[in-house]
1. Rounded to the nearest 500, what is the chain's calculated 222 nm mean residue ellipticity when only DSSP H runs of at least 4 contribute -39500 (n - 2.57) each, over all residues?
2. For the chain, what class follows from the C-alpha gyration tensor (a ≥ b ≥ c being the square roots of its eigenvalues): rounded when a/c is under 1.5, otherwise prolate if a/b is larger than b/c, else oblate?
3. Where Lys and Arg each count +1 and Asp and Glu each count -1, what net charge lies around Glu48 among other residues with Cβ under 12 Å from its Cβ?
4. Calculate the length of the line joining the C-alpha centroid of the stretch 49-121 to that of the stretch 147-226, in whole Å.
5. Which order do you get for Glu205, Glu20, Glu69 if you rank them by accessible area with a 1.4 Å probe, largest at the top?
6. Lys and Arg at +1, Asp and Glu at -1: add these up for the other residues within a Cβ distance under 9 Å of Tyr214 and post the number.
7. Would you mind getting the accessible area per residue of the stretch 141-282, heavy atoms of the protein chains only, 1.4 Å probe, in Å²?
8. Could you tell me the relative contact order of the chain? Use alpha-carbon pairs under 8 Å, at least six residues apart, and round to a whole percent.
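The values are calculated or read from the model by the stated rules, or taken from the named source; none is laboratory data. Source: prediction; values computed, not measured. Every residue, glycine as well, gets a Cβ built from its backbone with ideal geometry; the counts of neighbours run over all protein chains shown. These area figures cover heavy atoms from the full protein model, side chains too; ligands, DNA and RNA do not enter into them. Shrake-Rupley method; radii C 1.70, N 1.55, O 1.52, S 1.80 Å.
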Amino acid sequence: MKKEKISLITCTYNRLDKLEKLIKSLKRQSILPDEFIVSDDGSREDIETYLKESFKNETRFKVKLVKQEDLGFRLSRARNNGVREAEGELLVIIDSDIIMPKNFLEIFYKKRKKSRLNLSRAIRLTEEMTSKLTDDNIKNDNYTSLHSRKSYLYNVERYWKNKVYAIFAPKKQAEKFRAMAFSLYRDDYIKLDGFDENFIGWGAEDLDFGRRAYHKGIKINNSHKNNFQIHQWHKESDKNDDHSLKYFRETWEKRELTKNYDIEFGYSNQFQDDPYEVIEIC
């Protein structure tokens, strides 16, 4: 069925316990990516050893580790690094604290379209429910015991609301974009010049990305009607600061005046010149 190459990219920082469960769900996907790229934002944990052990017998797809120094919360740069090393036509970018239902990648692939950004909403587990998550949940692709019916129906409701927004209020749809799990063609990512690497610190880089997508003619579509990803609870990042939110507000005040939606530092032009390392796992 699959003809175009898929690059699955996840960014991580000291959440190996979460990444482990993402990888377990990856191995059970109905269609597999052609490559899996882990872009590490300077973790103290030994991500490389874990990946080599986890994928030591993997022959179905490539695995790469991309590592940059820990010079602050540089999620935008980590995402761009992953795409710089990606070979696939279709990019699926997902947070490392996500667990993917069995048909998750297949839906992204089937819904792919030029000049479209597909996204999926998440069912968010509490700290207690995350502690009860087992390998059997992933193996059986069954998480109903871990969340309420209400949380599931809320996401269904949001799916249909977003369909209405996409038709009647696409700008509003774009302004609500969150980059937890989404896909788009590599060419469209490059058209946007990726994520703005001036965002250093937690937050708002995805709001900026969604708004620029709208102004660059890339439509945002909620592609998953019921196969919602599972979000594992975790403490907030220890790299938080207010730089990103301040930068976002100031930048968009200027953009609304100038109508210039290009960025200075992104995929094509790195903000900082420290090198990153690429390790071929398999």
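1. -11000 deg cm²/dmol
2. Numbers: a/c = 1.41, a/b = 1.14, b/c = 1.24.
Taking the square roots of the gyration eigenvalues as a ≥ b ≥ c, the chain is rounded.
3. On the way: positive: Lys52, Lys64, Lys67; negative: Asp40, Glu45, Asp46, Glu53, Glu277, Glu280.
Net charge around Glu48: -3.
4. The stretch 49-121 and the stretch 147-226 have Cα centres separated by 17 Å.
5. Details: Glu205 10, Glu20 65, Glu69 95 Å².
Accessible-area ranking of Glu205, Glu20, Glu69, largest first: Glu69, Glu20, Glu205.
6. Working: positive: Lys171, Arg211, Arg212, Lys216, Lys219; negative: Glu175.
Net local charge, Tyr214 excluded: +4.
7. Numbers: 7560 Å² over 142 residues.
Counting only protein heavy atoms, the per-residue value for the stretch 141-282 is 53 Å².
8. Working: 545 pairs, mean separation 77.2, N = 282.
Relative CO of the chain lands at 27 percent.
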